[in-house]
Amino acid sequence: MINCADFVAELDNYLDGDVAAAVRVQLEHHIAHCKTCTVLVDSTRKTLKILTENGLFDLPREAFEPIAEEIMARVRTKEK
Amino acid sequence: MVGLPLNLVRGSSSNRDGGHMSYFGEVDVGSTFQPFTAFCEHFGFVPSLFRAQTLLPRVIRADAALISPILFTNQALSRAQKECILFALAAANDNAYCSNLHYQTLKLLGATEESLDRIVADYRQADLAPTTKAVLKLTLKLGTSEHSFSTQDLREASSQGLADECLLEAILTAALSRLLCALSIGVGAVSDFAPRAAPPATHALSLCSDFFPAAGEKLGFNLHAPELSPDDFAPFAFLRDQFGFVPSVFCAQTLRPTILEAEACAIQFVLLPEDALTRAQKERILLGASQAKLAKSDRALLSFAEKLEAADPEFSKSDIQTLQENGFNEKQILEAVVTTSLACFFNVLQVGLGAAPDFPAPWAGKRKRDAKKAHLSSSDQRHTYVAQPIDPDAECVARVLGGDLGSFEELMNRHSQRVYRTLVGILGNPDEARDAMQDTFLKAFQHLAGFEGRARFSTWLVSITTNTAIQRLRERRQMESLDETFDEQFRPREVQAWTDDPERLYSRAEMRSLIENGVMRLPAKYRVVLILLDLEQLPLEEAAAALGLGIPAIKARRLRGRLMLREALAPHFIQPERKGTKGVTI
């Protein structure tokens, strides 16, 4: 039998589908009986979804252009 | 340190191979030259291999810096066990000079001629301890057919009771063997002893056919490697300064900090001075650069190094003469030999330790192998470790190296978002991240000539980005460490169910702001891992290599980072009617 701490230790692997079949059976048996870990799995999965689907920390093109120009000017100076 | 009785053996000229000299002239370095004193103490004399390098005493210091901690100390493996590895590998690789040197040393350590002959013929039948046999099996595989070496080999050795410390020392000794063999070929070392008749090898190496590659094995350190920070560990600070980051082959050896000090010292003696070859010429040898776009003389230099690295049986004095005809003097050629030998050393380490190839093995895949020795049906079918990904930036990088600066702008455009996000991840400040982009790309441009290897350009660039950001943190003395150990316990407290569709609660802009704030409040060590793995979707192995972490460490940080972010976001997304229950201690 695994406890909540064991489950959390495997949470990432479980979410990424990177656990052996026998381990998966034990993990799923645990969440079938543990509301806390069920919430953890569901909310962590949703966290990853909103983390990856919202275009975080985008550097706008217009913000990068002057930086790139400055870098290229210095690169050309170094090459001379 | 373990010394041998002085004057029991000696390398007199009368014992030399017909009185021949090595390829390089010898000069008197004085009776108090420290490396020679150490060699006298531990070999009983100064082997001709080292006397042949006296034109450049600093390279002998580099040799001694590496040999002393690896060979002359009894730690997890004894000196005798390590000499045994060196002897077996030299014999397996048909290196007469080194096999004779280690044969004589083992005799001085008490081994009988019969037992040594048995090691060469078939070590499984030799009167050796089971652990020594396990170590020999491992190192013979690594030292003679590295392309089929895999973590499976280490697992097997481990299952026979060899701890990680033993395995690391065995791998280091195999790397040392490659270094000594390349040196002996390159300097044309003449035997210190009368030739002996070698027994037929029937052969221990046939064992290599017992192994099968573990197809698809992932990259990642094969041994436990505690984290060391360049901020606290001087050799790592030195390596970061020299290469722009700490190459993973060094991060994989942190079980033995003294070895890392020795390796940094050897690099310092060989790479930095420019009294013979230039730094750029040596970096090209060390990093296995392509010959394209080089002057004729530099192409000849790399061909020379490639032939020596491959232990080509046809390597001879004529190769030295070819370099002389291309304008290289004796000191420069000697330094080419030493630099190539150092590259061989790191090549073996990289394979043995499973370090991601950000410090590429020179001419990987080209090493000439005697198929009979390793009993390989086809070397191409047996490549397991070096799963060479196609680098989509390779052509663009080549164009930049060829002088096309516009292609560098293209590389910047391709990677600006990744660089920016990585900088934000570490610095935690978008304005400073924009500022640091300039430093990052300029460093990348400056070091690009040394890049040409098997590592992806994107991984290499992320390493530079990471180190640029860490440098900035250090300069502003904001001690938000990326390396400190985990917090005591992290206990998820918000364990109330979330609403089914969190994204319907907020506009896209509000959602982005919420998450960005949540990410920015994470400690930097978790934030950067989340950004590289979850936002940038960098493969686990590449992100680990870029950050100088092992796979278990980066996975632990990813888990902790995801859970902490979940915790930070929970108040915005929980179903109001639900009440929390207990927390969970990780």
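By the Cβ distance rule (another cysteine Cβ under 4.7 Å), the unpaired cysteines of chain A are A:C4. 3J(HN,Hα) couplings calculated from phi for region B:47-64 with the Karplus curve 6.51 cos²θ - 1.76 cosθ + 1.60 (θ = phi - 60°) are, in sequence order, x, 4, 3, 8, 4, 6, 10, 5, 4, 10, x, 5, 6, 5, 4, 5, 4, 5 Hz; Gly and Pro show x. Scan region A:18-80 for GluC sites (Glu not before Pro) in coil per DSSP, keeping those whose Cβ has at most 16 other Cβ atoms within 10 Å, and list them by number. Loop-located and lightly packed - A:E53. Computed from backbone phi with θ = phi - 60° and the Karplus coefficients 6.51, -1.76 and 1.60, the 3J(HN,Hα) list for region B:423-434 is 5, 4, x, 8, 7, x, 8, x, 5, 5, 4, 4 Hz; x is used for glycine and proline. Applying a threshold of 32 Å to the alpha-carbon distances of B:K307/B:K525; B:K133/B:K555; B:K137/B:K525; A:K35/B:K525; A:K35/B:K555; A:K78/B:K282 flags B:K307/B:K525; B:K133/B:K555; B:K137/B:K525 as lying beyond it.
Compute the FRET efficiency between B:N74 and A:R74 as 1/(1 + (r/R0)^6), taking r as their Cβ-Cβ distance and R0 = 41 Å, and round to the nearest 0.05. Result of the calculation: an efficiency of 0.15.
With helices as the sole contributors, chain A gives -24000 deg cm²/dmol at 222 nm; each DSSP H run of n ≥ 4 counts as -39500 (n - 2.57), and the sum is divided by every residue. Residues whose amide H comes within less than 5 Å of that of B:V46, counting only those at least five positions distant or on another chain, are B:G11 (H built at 1.01 Å from N in the peptide plane). Magnitude of the charge dipole for region B:39-195, about its Cα centre and with charges confined to Cβ atoms of Lys, Arg (+1) and Asp, Glu (-1), is about 260 debye.
Computed from backbone phi, the HN-Hα couplings of region B:95-102 come to 9, 5, 4, 5, 5, 5, 4, 6 Hz, rounded to whole numbers (Karplus: 6.51 cos²θ - 1.76 cosθ + 1.60, θ = phi - 60°; Gly and Pro given as x).
Averaging the sequence gap over all C-alpha pairs within less than 8 Å and six or more residues apart, then dividing by the number of residues, gives region B:64-186 a relative contact order of 34 percent.
Shielding value for B:492-500 is 4, the average number of Cβ atoms from other chains within 10 Å of each residue's Cβ.
Only alpha carbons enter this Debye calculation for region B:91-178, each as an equal point scatterer, and the log10 of I(q)/I(0) it gives at q = 0.15 Å⁻¹ is -0.59. Residues considered: A:A21, A:A32, A:A63. Largest GNM mean-square fluctuation over chain A, using C-alpha springs under 10 Å, is found at A:A63.
Readers should treat all values here as calculations from the given coordinates under stated rules, not as data from a laboratory. The structure displayed is predicted, hence computed values, not measured ones. Positions of Cβ are generated from backbone atoms using ideal geometry, with glycine treated the same way; all protein chains shown enter the neighbour counts.
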